[in-house]
Amino acid sequence: MEPTVFLLVIFAAILHAIWNGMVKNFEDKVISVSAIVFGHVPMAIVVMLFLPLPTLESVPYIILSAIIHQGYQYNLISAYKLGDLTRVYPIARGTGPIIATLISITFLGLLISKFQILSIALICLGIIILGLFSESLIKNNKAVFYSLATGFFIGLYSLADGHGARISLSPLSFLGWSFILNAMIFPFVLKSMNYSNVFGRVMKEAKLIFWVGGTMSYIVYGIVVWCFTKAPIPLVGALRESGIIFSILIGVFFLKERMTFIKVGSILIIFIGIFFLKFF
């Protein structure tokens, strides 16, 4: 992986941890997740005004990405209803790169080295450990299922966005159209889950997450999607998830959370994975 790409993904991981801290501190996760989804739209409109249209060849990927995101958002909200964010989120985020790697190697013919596979495995293991070492979540099989399903859809949309961005000629424009379509479909998913007037509640209760979190999330994923076009998608995806280290540090230093032995061990495992990814 080129140094520029590596540093950009790390930068995106830091920003991801910052906006995720905003969501983490918000009590109603349905509203906070929805605020991010709808909050992508203003930035997407700005991007669409100044960047060229994606190629026609990338349109199926735009549609596919928006559909896959519905599965991601449905399962994420379902997991949050049954488990705590600090337990659900690591399992979901750690599973995503594993799914992307398995699909890429098995079905898409991706060739990566054993050290690169090891680096992905270590990063994901370090992340998943944070969620698995929770008695309440382990006993709740439904929460585990929805967390794993969320990770499955993360892996899928990473591949769809990566391949779509590569043929779109404008990754940020591709992402803008995908996010707008996602935001248009999402209210129907919310309605199927018996949530109504969510956008109204977002604008009343979560304006900061909508404007700041949504914009930061767009920038973060825009960087990641651009990096998808420059390096193997599973490697970028795994490195992106290392942002959970910064989430832990934000939690400890700003949200008054405890630094536990499990957190220290997870950080060390993730760092070893990053080392292998960068130098081997």
| message | One residue is enough: does segment 159-177 have a residue meeting the conditions under 24 Å from T95 (Cβ atoms), crowded, with 18+ Cβ neighbours inside 10 Å and among the polar types (S, T, N, Q)? | response | no
| task | Return yes when L148 is in a loop (DSSP other than H, G, I, E, B) and either free of Cβ contacts under 8 Å to residues at least 60 places away in the same chain or touching an Asp or Glu at 6+ places or on another chain (Cβ under 6 Å) (or both) and no when it is not. | result | no
| said: Going through F188, F199, F261 one at a time, which residue ends up being over 21 Å from F11 (Cβ atoms) and in contact with a Phe, Trp or Tyr (Cβ under 8 Å, 6 or more places away or on another chain)? | reply: F199
| request: Kindly indicate whether L118 is in contact with a helix residue (DSSP H, G or I) (Cβ under 8 Å, 6 or more places away or on another chain) and either over 14 Å from G273 (Cβ atoms) or not in a helix (DSSP H, G or I) (or both). | output: no
| request: Name the residue, out of I123, I112, that is in contact (Cβ under 8 Å) with a residue 60 or more places away in the chain and not in a helix (DSSP H, G or I). | output: I112
| note | For segment 61-80 the number of residues that are in contact (Cβ under 8 Å) with a residue 60 or more places away in the chain and out of contact with any Ser or Thr (no Cβ under 7 Å at 6 or more places or on another chain) is 12
| message | Looking only at segment 250-267, how many residues end up being surrounded by 13 or more Cβ atoms within 10 Å (Cβ to Cβ), free of Cβ contacts under 8 Å to residues at least 60 places away in the same chain and part of a helix (DSSP H, G or I)? | response | 1
| among the basic types (K, R), surrounded by fewer than 23 Cβ atoms within 10 Å (Cβ to Cβ) and within 23 Å of I270 (Cβ to Cβ): does that describe K142? | no
| request: Return the total of residues in segment 78-100 being part of a helix (DSSP H, G or I), buried (at least 18 other Cβ atoms within 10 Å of the Cβ) and either of a type in the set (D, E) or touching a Leu at 6+ places or on another chain (Cβ under 8 Å) (or both). | output: 9
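Coordinate-derived values only; no laboratory data. None of these values were measured; they are calculated from a predicted model. Note: ideal-geometry Cβ built from the backbone for every residue, glycine included; neighbour counts use all protein chains shown.
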